[in-house]
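Here the structure is laid out as structure tokens; the discussion comes afterwards.
Values in this text are rule-based calculations from the coordinates and carry no lab data. Being a predicted model, the structure only gives us computed values, none of them experimental. Neighbour counts are summed over all protein chains in view; Cβ atoms, including those assigned to glycine, are modelled from backbone coordinates with ideal geometry.
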Amino acid sequence: MTTTATLAHGPYPYPSTVIKMYIGPMFSSKSTLLVMTARRLEAAGCPYLLLSSRMDTRPGEEVVATHSGMRVECRHVQCLMEEVPLEGVYVHTIMLDESQFTDAANDLLPFALKCVRGGHCQELILVGLDSTFDRKTWPWVTELAPYARKIKKLSALCSVCHQPANASALRNQQDVERARESGSSVLVGTANEYMAVCNRCHDLQSRLAFQNKPATI
């Protein structure tokens, strides 16, 4: 497996780097997409670099892990520009999981532009949540969208009504209140804390605590 930066087709840049963004709520198979892409690249012998935010401590080790248990090695970073030197590095694909945890304007955007202008990869794949638990847009989406050639919104299934889900919600109203009081949208959690919901059920969630008592539709 090539998760470290190695030469892809020689010590020279790719002529064109394509930025792809995959956004969506929790449980919409975003990490699954990365794992499958990494396995496909590995099978073809294409060097790649898989990164994820150091803030995501859920797997307990340096891996991208899906909720269904699929795993692939990655490198955890906090500051892309400082921790991922690209000089002399040309890999087929660079992938970043949990893009919402990056400093979009001061780190992720400069890193993406460095990849493009330096031709350091053929594809730069950015994956992450597009909205917070209260449906506020994560900054990385608006910062990177003007530069992306492809943006795809993934969906999950609503945990309440089982219709297509486009948002994430906290299960416990106490977590909602705690997050709002702290003024932070960052609350790392799993299926114990979060669920995917549609717009209607998200509106209902703002009035009810779903944990251990699903809402009546």
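Note on region 94-149: among residues that are surrounded by fewer than 20 Cβ atoms within 10 Å (Cβ to Cβ) and in contact with a Lys or Arg (Cβ under 8 Å, 6 or more places away or on another chain), the one that is farthest from T37 (Cα to Cα) is D134. Summed over region 105-146, the residues that are part of a helix (DSSP H, G or I) and farther than 27 Å from R171 by Cβ give a count of 19.
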